[in-house]
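Student: The structure's right below; bear with me while I get my questions together.
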Amino acid sequence: MGSAAQPSITGEFAIQLRDMGTGRIMHESKATQRVISAIPEDKKNYKPHPDSRSAWQLAVHLAVSQVWFLNSIADRNFNWTGEEKEPAPTIAGLVKWREEELKKAVDRVRAMTTEQLLTPVDFFGIMKAPAVMYLQFDQDHSVHHRGQLSVYLRPMGAKVPDIYGGSFDEPFKG
């Protein structure tokens, strides 16, 4: 997508896409919080394979990267400054941090003007697209890592929460 022609989108579409995207992110956030919360504190260093991230590393990445990504959209600048810092030392602390910071970051995106949403933003030289178009990329990235983390739970002795319907451990509640 780097130098290819960019899609032409209207301001009205950008606002609708922003509202749908941030709404979906907040809806999906509930399932993500349940998955992170399900990690047993005493087993957070579990790895299914020596080359895998630990459950804790994956949970921190999931929390920090989504907040960073949304703030980058609002800033219209994807500037990665280095390794992710743990925002809290415990699972409960991470869940609380993520809930508070995600809401702030989503509110920043929701406050963006049409002009800001339509501003082309470079993503590390890989692609350049209007800022609003990165909302789906953010959501896809989060769902990907939430899926990874959810498969760690049962081998750690934890229960798998309802994500898109019931699980063996948590039946669908509707």
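Student: Enter the Cα centre distance for the pair region 85-123 and region 23-52, rounded to the nearest angstrom.
Tutor: With region 85-123 and region 23-52 each reduced to a Cα centre, they are spaced 18 Å.
Student: Divide by every residue of the chain the summed helix terms, -39500 (n - 2.57) for each DSSP H run of at least 4, and state the resulting mean residue ellipticity at 222 nm, rounded to the nearest 500 deg cm²/dmol.
Tutor: On the way: 5 runs with 93 residues, N = 174.
Taking each H run of at least 4 residues, the total per residue is -18000 deg cm²/dmol.
Student: Going out from 0 in 10 Å bins, what whole percent of all Cα-Cα distances in region 11-156 drops into each bin?
Tutor: 12, 41, 31, 14, 2
Student: Can you give the FRET efficiency to the nearest 0.05 for residue 80 and residue 128, using r as the Cβ-Cβ distance and R₀ = 22 Å?
Tutor: So, using R0 = 22 Å, E works out to roughly 0.85.
Student: Where does helix 55-75 land angle-wise versus the long Cα axis of the chain, in degrees 0 to 90, nearest 10?
Tutor: Between the helix axis and the principal axis of the chain, the angle is about 20 degrees.
Student: Give me the percent relative contact order of the chain, please, defined on Cα pairs under 8 angstrom at least 6 residues apart.
Tutor: On the way: 198 pairs, mean separation 56.1, N = 174.
Relative contact order, the chain: 32 percent.
Student: In a shell of Cβ-Cβ distance under 14 Å around residue 143, excluding residue 143 itself, what net charge do Lys and Arg (+1) and Asp and Glu (-1) give?
Tutor: On the way: positive: 24, 30, 34, 146; negative: 28, 138, 140.
Here the count lands on +1.
Student: Place a point 7 Å from Cα of residue 115 in the direction of its Cβ. Which residues in region 76-106 have their backbone N less than 18 Å from it?
Tutor: 76-77
Student: Sticking with the crude label model, points 7 Å out along Cα→Cβ, report the distance from residue 168 to residue 52 in nm, one decimal please.
Tutor: Each label point is offset 7 Å from its Cα along the Cβ direction, giving 1.5 nm.
Student: What nm value, rounded to one decimal, do you get for the distance between residue 12 and residue 141 when each label is placed 7 Å out toward the C-beta?
Tutor: Modelled inter-label distance: 3.2 nm.
Student: What does the charge add up to near residue 111, with Lys and Arg as +1, Asp and Glu as -1, over the other residues with Cβ less than 15 Å from its Cβ?
Tutor: Around residue 111, the charge tally is +2.
Student: Taking neighbour Cβ counts within 10 Å as the exposure measure, how do 32, 10 sort from fewest upward?
Tutor: Ordered by Cβ neighbours within 10 Å, fewest first: 10, 32.
Rule-based calculations on the coordinates, nothing more; no lab input. Note that the coordinates shown come from a computational prediction; the quantities given were computed from them, not determined experimentally. We place every Cβ from the backbone using ideal geometry, glycine too, and count neighbours over all the protein chains shown.
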